[in-house]
Amino acid sequence: MSAALDTRAAPQSPSGGTLELSGIHAGYGDFQALFGISLRVEPGEAVGVVGPNGAGKTTLLRVISGLIRPTAGTLRFGGQDLARTPPHQLPALGIAHVPENRRLFPHLTVEENLKVGAFSPAARAHFAERRDRVYDLFPKMKQRRHQLAGTMSGGEQQMCAIGRALMCAPRILLLDEPSAGLAPIVVKQVFDLVRRIREEGLTVLIVEQNVAQVLRVVDRAYVLETGRVAAEGRSSELAADPAIRRSYLGGH
Amino acid sequence: MDPFLLEAIVNGILLGGVFALPALGLNLVFGVVDVVWLCYAELVMVGMYAVWFLYTQLGWPLPLAFGACLPVVALLGVLLHLLVVRPLLAAPPINQVLATGGVLFLLQGAMTLIFRTDFRSLGVDMPPMEVGEIFVSGTKLAAFCAALLGAAVLWAFLKFTYVGTAIRAIARDREVMPLMGVDPQRIYLIASAVGGALAGLAACLLVVQLDVHPFVGLSFGPITFMICVMGGLGNMLGGFLAAFLMGIIVSVGGFWGTTEFSYVVAFGFFIVTIFARPRGLFAR
Amino acid sequence: MKAFGSTRRGLLQAGAALTIPATVARAQGPARGGDPLRVGVMTDLSGPFAGAGSQPLFWGAEVAIELFNERGGVDGRPVQAITADSQSKADVAINEMERLLGQERLEVVTGIYSSAHAVPLSGRFEQARKMMWITSAIATAVLKDKNFRYVFRPTVHSDQYGEGSISAIADNAQAKLGIAPDKVKLGVIYEDGPYGTGVAAAIEANARQRNMPIVLKEAYSATAPDLSTLVTKLRRERPDIVLQVGYNPDITLFLRQAKSGGLRFKMLIGHGAGWSQIDRLSETFGQDVNYMCNVDPAATQMLDWSKLQPGVGDLAKTFMDRFQAKHKLSDPPTHASMGFNNTWIFLEHVLKPAVRKTGGMTADALREAALEVDVPTGGTIQGYGVKFAPPGNPMAGQNERSIAVVMQFENGKSKVVWPAALGQPVVMPLPASNAYAAR
């Protein structure tokens, strides 16, 4: 009783929070996508989730940001149980999610996209300051601030989507396939950005098929196969693992 | 130019202003909530009764009655959303349409019970203006200006506020909204209130031009739907422009042909639009 | 696009599903013993027609049935009204007719306000061999060349409206306007249903007979949201006299837009329906409708009751007293008189003899009784007599003795101005004080 009250009384510890999944089962209707996933991301850490198509990576992120409710298992962030938190309250708790395919609002300008990202009352108060920070991070966005988001290149759109997610001043950033559909040179730019973001101290959980790139950015990674954790470890260990190399790194 | 033709064109533009507000409101709600309020013209009708009642029966000053009409109809929009639309959000569109269609008859019936079928008039009239050889109704011109003003305020709301920006965003991608910290249910509610307020404003502008009776929605409801579809359902700017286009078609068509013929032209144009540009005349 | 497709389909289905007829209460007169005689009364108690005369039409019929029952019904058998509200919609009227004839097994239905309903209904009554007793719908086309045997109309038909207004203009043009009758320019505007179309055709035929020029003849929908283009065109054509055939919202819309559109004329003559509702029009337009005219069967209070057949004046007075006590209208509209009078003609001159003769009230017995009715002029509270055109006549079922008069509004009251023998001199052109008066 008192423990439950405690976690609610201090939901936003300034030092950031640990994301902790334990025994998560989830799916869509009758289709089960995740079978007992346990995963942990410490504050300041960058963690990757890799695996083939259909392994349940996107589902995992959707569970964390509340778009899908787990059927079993627990989900905690900073000690707080998120099982009953409505998804739209998560940005205010410090969880930002850059969804698969970016999902920008193509008919809004870059700056309007950032504005939607700053919708929660707490974020509105800091809009100008955070916007300027995003523009520092992505100077191109500043040049294009009045351009419709849909008219930009894929890489620019990915940066805009990350910028939009940063507008709520998150403690953890969830990135879903940030490299999907981008040219190799752009992929490199995107991962450089991710590295800079985490160097500023932000916790990052990144889901990727581009295993080689992601292992260069993250500290640790989980390998997901058909909804289960098949392997986990430090990125250097995984990169060296022959089985992983064979399956995901093309054996080079 | 033939002064009478010019008068017909001017009247068409003024008429477009009258159609524009309900078209905007209907499009706003459809764009955000993805449900067609079939009873939209009846919300306007209730607003017209509200103004008539406050002004002629309770003796309120007219501006005050107008001022009260907006929140009253906005509240009606909120209730419509909470009681009828929200429980059916996951239902097939046909159920939603049938339900709001049911509200249409409910409102007609309720107003018939309360006010009977009598035609009610405010008895307010502004003097006509004679510009050169053409006559312009002062009432219509005032209504037109108020409609433009209302549209401008709506535009500013959608363009510059957080909620307005979220409304424009949700019209394109509702699933991603929670990730932005936006509660879609709240946006639906706000859009319903704004849609209701627009119906209230339309009521203020119409009540000075048309008599109020429980079936007055028939006069402008169907054409409002046509305008929305022509402009592209959910496309606010498209609907706004289509309202003026329709006003001019009806007016000039009636001038060259007959009043009846003008509606044939308007409907013909509508049908051609549906086939030629099913996403609306102004779809990008 | 998916949502859009479903929505359009939805609109259609919603439209179809929601025309379910309203459940209708049964009005019952005070019973006196004996099986009640069940008579259908179908009027529009909701929708645009209700405010354009159908409501007072029903109230008039109601008073007739109450009075008839108080006076003993038919030898102690009271009349029981089975009412139906056709809601100003033709499809509802048809469904309600099916109910009245099918479920309720009625032999006769009275009422029927609108010609738009009477046209589709009449054929069905004829086919079902049940009596349709039209107390209001006036389009000539309802009966003309149909050779119906079960459809009767004691009230006027639309050709008589055209005859009334055109004759009144022709009779007064030279003396009042200083214009030869064949130089008076007419503008004819009318709602586009069978009623407006029928009356407008009669106006045109009568005008042509007298070589009167019609500068504009145009139909519009009674629910049109705007008539300003029509006003513009009238202003361009400059008619001396505007003749309108309309319901209610369209008349007020036209008058309002005509005023702000700068339309001026020497006289405006309405032709029943909305123009019959002088109380309403005065309430909305005040002095602006003063001295405008209307063609209709006379409301009973416009007549000199002492000139009617013996006893008819007393009936008129009883009706007026009851109606005014119940509904508080200073000048009850013509439709109130029509509702009472035409229902009374049925009860007294058709139902009573038929029941007495055959002991029952089959449609065939009623029909035979109707064909035998012979009430002289002055024999009803609206001044006309009753004699139905027999089968074989092009207007079979029409009361050949019906009369439409032209009346003029003067300070909220109507007075008869045509035929000259019945009325007073007309005030024409509109006095300069009138907002629409040509200057």
| query | Using a 1.4 Å probe on protein heavy atoms only, how many Å² of accessible area do A and B hide from each other, summed over both chains and rounded to 100? | reply | 2200
| note | Of the candidates B:VAL72, B:LEU89, B:VAL10, the farthest towards the positive dipole end of the range B:1-126 (Lys/Arg Cβ +1, Asp/Glu Cβ -1, centred on the Cα centre) is B:LEU89
| task | For peptide A:89-101, compute the average count of partner chain beta-carbon atoms within 10 Å of each residue's beta-carbon. | result | 2
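Using a 1.4 Å probe on the protein chains only, how many percent of the accessible area of the range A:66-190 belongs to carbon and sulfur?
Carbon with sulfur: 53 percent of the solvent-accessible area.
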| message | Using only alpha-carbon positions, what ratio does the radius of gyration of the range B:56-212 give when scaled by 2.2 N^0.38 Å? | response | 1.26
| request: Keeping all protein chains in place, calculate the accessible area per residue for the protein assembly as shown (probe 1.4 angstrom), answer in Å². | output: 37
| said: Against the empirical 2.2 N^0.38 Å scaling, what ratio does the C-alpha Rg of the range A:101-169 come to? | reply: 0.97
| task | Equivalent ellipsoid semi-axes for the protein assembly as shown, as square roots of 5 times the alpha carbon gyration tensor eigenvalues: give them largest first, rounded to whole Å. | result | 72, 32, 22
| query | So how much accessible surface do C and B hide from each other in total, probe 1.4 Å, in square angstrom to the nearest 100? | reply | 4300
| task | Mind grabbing the accessible area of C:VAL119 for me, 1.4 Å probe, Å², rounded to tens? | result | 60
| Put a dot 7 Å past each Cα toward the Cβ at C:ASP374 and C:SER433; how far apart are the dots in nm? | 5.1
| query | Which residues' amide hydrogens lie under 5 Å from the amide hydrogen of C:VAL417, considering only partners 5 or more residues apart or on another chain, with H built in the peptide plane? | reply | C:VAL406, C:MET407, C:GLN408, C:GLN424
| said: On a 1.4 Å probe surface of the protein chains, which of A:ARG220, B:ARG172, C:ARG105, A:ARG164 comes out largest in accessible area, and what is the full order? | reply: C:ARG105, B:ARG172, A:ARG220, A:ARG164
| field | Of C:LYS144/C:LYS387; A:LYS142/B:LYS159; C:LYS307/C:LYS328; A:LYS57/A:LYS115, those spanning more than 21 Å from alpha-carbon to alpha-carbon | value | C:LYS307/C:LYS328; A:LYS57/A:LYS115
| note | Mean-square fluctuation maximum in Gaussian network of chain B, Cα pairs under 10 Å, restricted to B:MET48, B:MET129, B:MET180, hits B:MET180
| In peptide A:104-111, how many Cβ atoms from other protein chains are near each Cβ within 10 Å, on average? | 4
| remark: With Rg from the Cα atoms and Rh as the Kirkwood inverse mean 1/r over Cα pairs, chain A has an Rg/Rh of 0.96
| Projected-area average for the range B:1-105 over all orientations - Cα convex hull basis, square nanometres | 9.2
| task | Count the net charge of all other residues whose Cβ sits under 11 Å from the Cβ of A:ARG102, scoring Lys and Arg as +1 and Asp and Glu as -1. | result | -3
| message | With both bridge residues required to lie in the protein assembly as shown, what share of the DSSP beta bridges run antiparallel, to the nearest 5%? | response | 45
| message | In whole Å, what are the extents of chain B along the principal axes defined by its C-alpha atoms, from largest to smallest? | response | 60, 49, 35
| Going highest first, how would you order C:284-294, B:267-277 by mean Cβ packing within 10 Å? | C:284-294, B:267-277
| query | Given springs between every Cα pair under 10 Å in a Gaussian network model of chain C, which of C:LYS266, C:LYS328, C:LYS217 has the largest fluctuation? | reply | C:LYS328
| message | Please report the carbon-and-sulfur percent of the accessible area for the range C:84-231; probe 1.4 Å, protein heavy atoms only, DNA, RNA and ligands left out. | response | 44
| Given the Cα atoms of the range C:289-439, and with Rh set as the inverse mean 1/r over their pairs in the Kirkwood sense, what is Rg to Rh to two decimals? | 1.06
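Jot down the per residue volume, in cubic angstrom and as a whole number, of the convex hull over the alpha-carbon atoms of chain C.
Enclosed volume per residue, from the Cα hull, is 149 Å³.
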| remark: Output ordering of C:270-279, C:413-422 (per-residue mean of other Cβ within 10 Å, highest first) is C:270-279, C:413-422
| message | Using a 7 Å offset from the Cα along the Cα-to-Cβ direction at both B:ARG116 and B:LEU88, what is the distance between the two label points in nm, to one decimal? | response | 3.3
| Residues in the range A:212-252 that a label on A:ARG40 would reach, taking backbone N under 15 Å of a point 7 Å out along Cα→Cβ | A:220-222, A:232-234
| Scattering profile of the range C:289-349 at q = 0.12, 0.19, 0.26 Å⁻¹ [log10 I(q)/I(0), Debye over alpha-carbon scatterers] | -0.31, -0.76, -1.26
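Once you average over the residues of A:112-125, how many Cβ atoms of partner chains fall within 10 Å of each Cβ?
5
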| message | Run lengths n ≥ 4 of DSSP H only: what is the helix-derived mean residue ellipticity at 222 nm for chain C, with -39500 (n - 2.57) per run over all residues, to the nearest 500? | response | -11500 deg cm²/dmol
| query | To the nearest 20 debye, what charge dipole does chain B have about its Cα centre, counting +1 at the Cβ of each Lys and Arg and -1 at the Cβ of each Asp and Glu? | reply | 840
| note | Across B:ALA20, B:ALA191, B:ALA99, the residue with the highest GNM fluctuation in chain B (Cα network, 10 Å cutoff) is B:ALA99
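The values are calculated or read from the model by the stated rules, or taken from the named source; none is laboratory data. Note that the structure is predicted; figures quoted are calculated from it, not measured. Note that we place each Cβ from the backbone using ideal geometry, even for glycine, and neighbour counts take in every protein chain shown. When the accessible area is computed, the model is the full protein with side chains, heavy atoms only, and any ligands, DNA or RNA have been set aside. Shrake-Rupley method; radii C 1.70, N 1.55, O 1.52, S 1.80 Å.
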